[in-house]
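Below is one structure, written out as structure tokens, with a few remarks after it.
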Amino acid sequence: MKARTSKPGRPARLSREQIIEAALGCDMRTVTMRDIAERLGVSHSALYRWVKNRDELLDLVGEVLVERILPTAEPTADTWRQWLSDLAWRMHDQFLAVPGYAAHVAMPHHHNAQAFGRLHDRVVSAFRFAGASDDLAEQSWYIFGLGIVQWLGARQVGHDLGPAAPRFDLFLDVLLRGLPAREPGS
């Protein structure tokens, strides 16, 4: 990603990284460029030198969070289930730490193609290592991703699931036991 620079001779008061850090403290469901400007003590028009609009801001936040959640090691035939578990727990911790992010991701929205693509490719790879065909690895990606994101989104917005609401560790265990997807009857 190409960083924009200030005019020669004038030190930058703002950076893309500062904007992203400020955004990470805001509710992603409702954040505005004015909110970010207030947090940084600058005019909202100053932000537009660094970030085009709210959608680009959310894309940048998505890039940062995908970078934080992806395990450094690649999944293997021996580690795919633990790799997915580690990823899910990282999603749990990181997505719930950013106000409104899990709820935002749980709703239909534009995804950052690069960050989303990296996440997708690594998860599909894990399911391929588990023995899934290309088609079933893709189906498993959707089941895994939707399951985790919807659980986190429901948790973040405070849906009352009653006193027996599923714990994340139990939810994840049941989800991973059923994956990778298999054709019915096989």
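The values are calculated or read from the model by the stated rules, or taken from the named source; none is laboratory data. The model shown is predicted, which means the values in this text are computed figures rather than measured ones. No Cβ is skipped: glycine too gets one built from the backbone with ideal geometry, and neighbour counts run over all protein chains shown. Note: accessible area is taken over every heavy atom of the protein model, side chains too, but ligands, DNA and RNA are not part of it. Shrake-Rupley method; radii C 1.70, N 1.55, O 1.52, S 1.80 Å.
Some values worked out for this structure:
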item: Residue within region 170-185 that is surrounded by 20 or more Cβ atoms within 10 Å (Cβ to Cβ) and under 30 Å from residue 23 (Cα atoms) present; result: yes
item: Condition check for residue 90: open to solvent by less than 50 Å² (accessible area, probe 1.4 Å), assigned to a helix (DSSP H, G or I) and at negative phi; result: no
item: Residues that are surrounded by fewer than 20 Cβ atoms within 10 Å (Cβ to Cβ) and not acidic (Asp, Glu), drawn from region 93-108; result: 94, 96, 97, 99, 100, 107, 108
item: Selection count, region 126-137, where residues are open to solvent by less than 30 Å² (accessible area, probe 1.4 Å) and either out of contact with any helix residue (DSSP H, G or I) (no Cβ under 8 Å at 6 or more places or on another chain) or among the aromatic types (Phe, Trp, Tyr) (or both); result: 1
item: Breaking point among (1) assigned to a helix (DSSP H, G or I); (2) over 18 Å from residue 125 (Cβ atoms), for residue 99; result: (1)
item: Failed item, numbered, when residue 111 is tested on (1) closer than 30 Å to residue 56 by Cβ; (2) open to solvent by 60 Å² or more (accessible area, probe 1.4 Å); (3) modelled with pLDDT of 95 or more; (4) of a type outside the set (Gly, Ala, Ser); result: (3)
item: Total residues in region 24-57, condition surrounded by 13 or more Cβ atoms within 10 Å (Cβ to Cβ), touching a residue at least 40 places away in the same chain (Cβ under 8 Å) and among the β-branched types (Val, Ile, Thr); result: 1
item: Residue tally, condition assigned to a helix (DSSP H, G or I), open to solvent by less than 60 Å² (accessible area, probe 1.4 Å) and either closer than 30 Å to residue 25 by Cβ or out of contact with any helix residue (DSSP H, G or I) (no Cβ under 9 Å at 6 or more places or on another chain) (or both), over region 58-82; result: 10
item: Tally, over region 150-167, of residues that are surrounded by fewer than 18 Cβ atoms within 10 Å (Cβ to Cβ) and either modelled with pLDDT of 90 or more or under 21 Å from the mean Cα position of the chain (by Cα) (or both); result: 6
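Yes/no matrix, rows are residues, columns are (1) among the polar types (S, T, N, Q); (2) closer than 30 Å to residue 35 by Cα; (3) in contact (Cβ under 8 Å) with a residue 24 or more places away in the chain:
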{"position": "59", "(1), (2), (3)": "no, yes, yes"}
{"position": "86", "(1), (2), (3)": "no, no, no"}
{"position": "91", "(1), (2), (3)": "no, yes, yes"}
{"position": "103", "(1), (2), (3)": "no, yes, yes"}
{"position": "109", "(1), (2), (3)": "no, yes, yes"}
{"position": "146", "(1), (2), (3)": "no, yes, no"}
{"position": "164", "(1), (2), (3)": "no, no, no"}
